[in-house]
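Some notes on the structure that comes next.
The values are calculated or read from the model by the stated rules, or taken from the named source; none is laboratory data. Model, not experiment: these values are computed from the prediction. Glycine gets a Cβ as well: all are built from the backbone with ideal geometry, and neighbour counts include every protein chain shown. Heavy atoms of the whole protein, side chains included, go into the accessibility calculation; ligands, DNA and RNA do not. Shrake-Rupley method; radii C 1.70, N 1.55, O 1.52, S 1.80 Å.
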Number of protein chains: 2
Amino acid sequence: MAAPAWAGGLRGLRALLLDISGVLYDSGGAGGGQPIEGSKEAVSRIKESGLKLRFCTNETQATRGEFVKKLQLLGFDVSENEVIAPAPAACRILQERGLRPHLLVHEALVPEFDRIDKMNPNCVVIGDAAENFTYSNMNKAFQVLIGLQKPLLISLGRGRYYKETDGLKLDVGVYMKALEYACDIKAEVVGKPSRMFFLSALEDMGVEPHQALMIGDDIVNDVGGAQQCGMRALQVRTGKYRPCDEQHPEVTADGYVNNLAEAVDVILQQVN
Amino acid sequence: MAAPAWAGGLRGLRALLLDISGVLYDSGGAGGGQPIEGSKEAVSRIKESGLKLRFCTNETQATRGEFVKKLQLLGFDVSENEVIAPAPAACRILQERGLRPHLLVHEALVPEFDRIDKMNPNCVVIGDAAENFTYSNMNKAFQVLIGLQKPLLISLGRGRYYKETDGLKLDVGVYMKALEYACDIKAEVVGKPSRMFFLSALEDMGVEPHQALMIGDDIVNDVGGAQQCGMRALQVRTGKYRPCDEQHPEVTADGYVNNLAEAVDVILQQVN
């Protein structure tokens, strides 16, 4: 098979950044999800190749520790210090700026904020709260915001939707937009596509943007976000991918691949 | 008392358009709400004056019939044919355009759509669903929209929030924005501040915009919407009014009054 156009210029590549949900596995269902074919082997092959690797997720339905445990149970070779996730990044920001959050997040994420002062809140942190996005909880978050002199909303991502085994589900960005409109404010986004978030992953690997390649299923948050930082980025045709993504009005991926396994095949041929 | 500046030029006035929630009464609580002081008498005085009168509401938590019954129980002299509400207007649009809605509305509003075909939906109609704005119901509406070739969302209003007796509550506009963002679309709004909606109220009274005055508690949807149609508009300092509304960056009311009773005092002095 001839190498695709995007394979050109991969020789300087030193690091890969992988999205998790929709790239490694589809979330949801009884076992917590279903690995995407070939992705477990693909992760192992990247590690054997000597390329640096981090997983860059906007997952906020569990603490990073619990999330990694789930991935390990699904058979992935992933450890906690390889995963860049929004909640730990948000905690650093809250502490640095003396912010006390009202949390609108999934119960399973709450322990991530155990050491953060939450009395008398002066901001709202919103994550992918899923079933916790009730009218009552949305009103509580709204009432905290509207009661502040200068309402501050910190959002763990700005994704529109993700794919679970039983269909597409609304993501945190949709509820972020709802509260933005209610209070006539703009949220601060922690997580993809925020520049700070990608840069912290690169710094963690000690590489420059041009030496790294992002692989994700979200054309805006994975591909567009990484490209804005000077990285190259591929979109996989798994997870929430839809054919119309390839005609997206604002973002064009450096390449489109059927799945992670196919991407890794091409990359390792070029790099080795 | 000297007449306020806005009283000048009221001599040609022939008709009043009143918002209901936050102007006549504050909704919520056990009895379904609490009349605002002086508003019952104010409505009666308008009717005695010979001015034409309609009530222009974005209320979608009940059918128009049930809503009017509640107002009558609270002591207001209001009849169903005096009330302009979004759901009957939406039904006309659905029928004219052969649209079959998936409904994301309050249970109590559903009977308003009894005669509308809802099989195999080709659009979503969203109203102030309140507790029905669950994550599951939002996902259902989203899945209908994202499955359409050209997603069509019809929103019964675009309000941000309203005041109930126990505090501010999120209104339909917030959830409209959420679905707009999820699907990357713009909703069609039926109800205030839509031009069509105000014009239908004026047509019903047989008056021109410059002969009518709107009185509401929502600076954008009541005051701004009416002004865009060429009407004058007052904001009352009741309901969801907040002092910062008087410095709104885009909308300046023709006048601000403490409540409906005060507005009617001034108006009747000028008109009679």
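Here are a few things to note about the model shown:
- Residue and whole-Å distance for the chain A Cβ lying nearest the axis of the A-onto-B rotation are A:ALA178, 2.
- Reachable aspartates and glutamates from B:LYS177, criterion Cα separation under 16 angstrom, eight or more residues apart if same chain: A:ASP171, A:GLU180, A:ASP184, B:ASP128, B:GLU188
- The 3J(HN,Hα) values that the Karplus relation (6.51, -1.76, 1.60; θ = phi - 60°) gives for region B:197-207 are, in residue order, 5, 5, 5, 5, 5, 5, 4, 4, 8, x, 10 Hz. Gly and Pro appear as x.
- Surface/4 estimate of mean projected area, convex hull on alpha-carbon atoms of region B:1-70, nm²: 6.2
- Descending Cα extents along the principal axes, chain B, whole Å: 61, 38, 36
- Peptide ranges A:102-110, B:156-164, A:248-256 listed from the most packed, as the mean C-beta count within 10 angstrom indicates: B:156-164, A:102-110, A:248-256
- Averaging Cα coordinates gives a centre for region B:141-183 and one for region A:125-161; these two points are 15 Å apart.
- For region B:92-139, a reduction of at least 50 Å² in accessible area between the chain on its own and the assembled protein chains (probe 1.4 Å) is found at B:TYR135.
- Calculated label separations, A:ILE93, copies of the chain, 7 Å along the beta-carbon direction, nm: 3.6
- Coordinate range along principal axes, alpha carbons of the protein assembly as shown, Å, largest first: 92, 52, 39
- Calculated over region B:1-149, the projected area of the Cα convex hull averaged across directions stands at 12.3 nm².
- Centre separation in Å (Cα based) which lies between region B:37-71 and region A:6-27: 62
- The angle between the Cα long axis of helix A:64-73 and the main principal axis of chain A comes to about 40°, on a 0 to 90 degree scale.
- Fraction of beta bridges assigned by DSSP in the protein assembly as shown that are antiparallel (%, nearest 5): 20
- Sorted from shortest to longest, the distances between the A:LEU73 label points of this copy and the other copies are 5.0 nm, with each point 7 Å from Cα along the line through the beta carbon.
- Nm distances between copies for A:GLY206, ranked from closest, using label points 7 Å along Cα→Cβ: 8.7
- Reciprocal mean inverse distance between Cα atoms of region B:92-232 - Kirkwood radius, Å: 16.2
- Protein heavy-atom surface of the protein assembly as shown, 1.4 angstrom probe: 47% of the accessible area is carbon and sulfur, with nucleic acids and ligands not counted.
- The mean accessible area for residues of chain B, using a 1.4 Å probe and ignoring ligands and nucleic acids, is 42 Å² per residue.
- For region A:53-127, the equivalent ellipsoid built from the Cα gyration tensor has semi-axes of 25, 12, 9 Å, listed from largest to smallest.
- Region A:19-67 - charge dipole about Cα centre, Lys and Arg +1 at Cβ, Asp and Glu -1, debye rounded to 20: 260
- Size of charge dipole - region B:1-108 - debye, nearest 20, with Cβ of Lys, Arg +1 and Asp, Glu -1, no other charges: 420
- Whole-Å distance, taken between Cα centres, linking region A:212-235 and region B:222-272: 50
- In the A-B interface, the accessible area buried, summed over both sides, Å² (probe 1.4 Å): 2800
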